[in-house]
Each structure stands twice: as C-alpha cells, then as structure tokens.
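Have a look at the structure below, then the notes.
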Ligand SMILES: [Zn+2]
C-alpha cells in the first residue's frame with residue numbers, strides 16, 4: 001500500500017476559492033468499494049472570496065490561501081488545483097476563463113516555483129469528476145459521466161478509466177447539449193439557445209418554481225410567494241422532499257428534461273454510470289427517478305439498459321478531493337485511473 005501523503009486541494013471558482021489540507025492515498029488499483037476511512041481526511045480548510053478584479057489579484061488570493069494552509073501544515077507533498085476554466089492539463093496552463101480574470105496563465109509552473117512542490121492543475125468539473133471516480137459514487141467505473149447541477153451545469157467524462165479532456169481541454173461541457181433549438185437563451189456565456197443548462201440548473205429550477213407558485217396559489221410554493229419568501233430552487237427541493245405535490249410535479253418535469261439530455265449522452269458515450277451532483281440536485285430521487293424513466297423510454301438499446309444513474313457521494317468537497325487525487329497521481333507519476 002502506498003504511504004499516506006499530505007496534500008493541499010484547491011477549488012478556484014468564480015465566487016470563492018476553497019482550499020483544504022488533506023491526508024490520504026490513492027485506492028488500490030481495481031478497488032470497487034472504499035470505506036469512509038479510506039477517503040482523504042480533511043485536516044483543515046480555508047475559504048476566501050475570489051478577487052476577480054485582475055489576473056494578478058486573483059492569483060495573489062489563491063497563493064494566500066495556499067500560504068495560510070502551508071503555515072499550519074509545515075510541509076506538504078503536493079498541491080492539486082481545480083479551476084473554473086478551460087485547462088491544458090499536459091501543459092499546466094489555464095487557457096481561457098469566463099468567470100475568472102485568467103487567460104493563458106502557466107498556473108501549474110507558477111505555483112510549483114512559488115511553493116516548491118509538484119502541482120497538478122485541471123478544470124474544476126473534471127477535478128470533481130475525478131473525485132467521485134476515485135473516492136465517491138464512481139469507484140471502479142471505466143466509462144462514467146458526471147453532471148453537476150448548480151448555478152450552471154458542469155460536466156466531466158471518464159473514458160477508459162481516465163479523465164477525457166478533448167483536443168484543447170474544452171471537452172465535457174455536458175450542460176450545453178441542445179434540447180430545443182428555439183429554447184430559452186443559455187444563461188451562461190454561450191451563444192446557443194435551449195441548452196440543457198437552461199432547463200435544469202438552479203436558476204431554471206427557481207423560474208419553474210415561481211411559475212408554479214403563480215399558477216397554484218394554494219400550493220406550498222404559492223403560499224411562500226404570497227408570504228414574500230424567496231421562491232427558488234432550494235425551496236422547490238425542500239418542499240418536494242417534504243411531499244408537496246406541486247413541488248414534486250415541477251421537480252419531475254425538470255427531472256424528465258434532465259433525462260432527455262442524458263438520453264443523448266447515453267447514446268453517445270454508452271456509459272456504465274452517470275453521477276448527478278451539485279447543490280441544485282438536492283431533491284435527489286425526485287429528479288433522478290423521472291430522468292431514469294425517460295432514459296428507459298427513449299434511449300437506444302442496449303446502452304439504455306446498462307447505464308446506472310446515481311447521486312454523487314462527496315458533496316461540495318468533490319472538487320477539492322478530486323484535485324488532491326490528481327496531485328497524488330502526479331506523485332505516482334501519472335493520472336488517476338487504471339495503472
Ligand atoms: Zn449553452
């Protein structure tokens with residue numbers, strides 16, 4: 001068994017930088033299950049607001065997070081970073097960002113110079129997917145997709161047991177598959193209309209909840225609207241989980257749209273597993289059940305009968321833990337996955 005290592009995992013998002021000191025090791029090759037104790041333990045964490053005023057300010061904020069954790073750790077073996085950007089993994093460069101002031105930055109090499117330890121740098125959604133694949137819901141899967149429902153819809157692909165990043169690191173934008181050519185504008189920095197994200201991300205759930213609240217004033221959603229409470233995705237999920245029939249119906253409709261998107265992905269990738277995570281997926285089976293039914297009705301055999309659709313296991317730490325897995329794999333001289 002490999003020795004345990006001390007790693008800093010960092011998740012650089014558009015609004016916050018989350019960093020954690022972790023201690024752990026990669027699972028044994030071929031592992032299909034993992035006890036909780038075998039997941040990396042978070043020893044300490046530090047979170048800061050992302051400074052988006054300039055590239056230099058943003059990077060200074062990240063380095064301060066790292067320095068803060070290093071000061072208490074004394075020494076770490078490696079650093080893993082997931083960033084909300086298009087990343088050239090092999091070159092260690094941030095290529096392009098939408099929600100961060102980072103474009104064409106050799107971030108891996110800059111951090112290696114600043115801190116003197118190996119650094120692995122990847123896209124944040126890919127890092128979260130690696131986290132779930134290495135330690136969470138996808139342990140042992142060879143062909144796996146992950147969708148993270150939040151403010152937008154993040155995506156990740158595991159192909160042959162390894163992350164798939166595409167020609168320039170821009171792959172796995174699974175939230176931007178087209179459901180309706182004439183659908184609503186995509187809320188992201190995307191010229192398309194009717195993307196999956198426009199129907200199943202948190203803001204779309206909030207809009208669907210408000211429409212239902214107006215149409216059904218006697219429902220839980222309607223009463224919340226009348227009381228001046230925020231009618232949004234989290235309320236929709238809470239009411240649905242409490243059994244409110246209108247909320248359950250709205251979530252089932254959104255789950256069905258998710259299933260329509262997954263139907264396309266099942267036919268393209270023939271995955272054995274699709275993991276759905278993110279805060280906007282809090283209603284769990286109320287979304288996943290309807291999504292599975294649409295896949296069973298609409299996707300092509302035999303792929304539709306082989307795919308499992310399941311909730312994520314690591315919660316909001318998936319990105320940090322995945323970044324740590326990438327760093328541990330770099331120490332071993334490769335990438336997470338079959339060795
Ligand atoms: Zn889009």
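Summary of computed values
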{"quantity": "Theoretical gain in end-to-end length, residue 296 to residue 91 [0.36 nm per residue, Cα-Cα removed]", "calculated": "69.7 nm"}
{"quantity": "Viscosity 0.890 mPa s, 25 °C: Kirkwood-radius Stokes-Einstein D of the chain over Cα pairs, µm²/s", "calculated": "120 µm²/s"}
{"quantity": "Inter-label distance, nm, simple model (7 Å from Cα along the C-beta direction), residue 49/residue 229", "calculated": "2.9 nm"}
{"quantity": "Contour minus Cα-Cα distance for residue 170 and residue 75 (0.36 nm per residue)", "calculated": "30.9 nm"}
{"quantity": "Separation of alpha-carbon centers, the stretch 75-140 and the stretch 150-219, rounded to whole Å", "calculated": "23 Å"}
{"quantity": "Theoretical gain in end-to-end length, residue 110 to residue 15 [0.36 nm per residue, Cα-Cα removed]", "calculated": "32.0 nm"}
{"quantity": "Nearest 10 degrees, 0 to 90: helix 318-332 Cα axis against the chain principal axis", "calculated": "30 degrees"}
{"quantity": "Choice from 191, 106, 203 with maximal GNM fluctuation in the chain (Cα, 10 Å cutoff)", "calculated": "191"}
{"quantity": "Computed Kirkwood radius, in angstrom, where 1/r is averaged over Cα pairs of the stretch 225-283", "calculated": "13.0 Å"}
{"quantity": "Ellipticity estimate at 222 nm from DSSP helix runs (n ≥ 4, -39,500 (n - 2.57)) divided over the chain, nearest 500", "calculated": "-12000 deg cm²/dmol"}
{"quantity": "Average projected area [Cα convex hull, the stretch 181-294], square nanometres", "calculated": "7.7 nm²"}
{"quantity": "The chain: angle of helix 202-215 to the longest principal axis, Cα-based, in degrees nearest 10", "calculated": "20 degrees"}
{"quantity": "Tilt relative to the chain, helix 124-135 - C-alpha long axis, 0 to 90 degrees, to 10", "calculated": "80 degrees"}
{"quantity": "Residue 35-residue 56 FRET efficiency (beta carbon distance; Förster radius 45 Å; 0.05 resolution)", "calculated": "0.55"}
{"quantity": "Residue 42-residue 185 pseudo-label distance in nm [points 7 Å out on the Cα-to-Cβ vector]", "calculated": "3.6 nm"}
{"quantity": "FRET efficiency, residue 285 to residue 332 (Cβ-Cβ, R0 45 Å, nearest 0.05)", "calculated": "0.75"}
{"quantity": "Computed FRET value (nearest 0.05) for residue 178 with residue 67, which takes r as the C-beta separation and R₀ as 51 Å", "calculated": "0.70"}
{"quantity": "Between the stretch 1-49 and the stretch 286-318, the alpha-carbon center distance in angstrom", "calculated": "26 Å"}
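FYI, it's all coordinate maths here, none of it is from the lab. These numbers come from a predicted model, not from an experiment. When we count neighbours, we look across all protein chains shown, and the Cβ atoms used for this are built from the backbone with ideal geometry, even at glycine.
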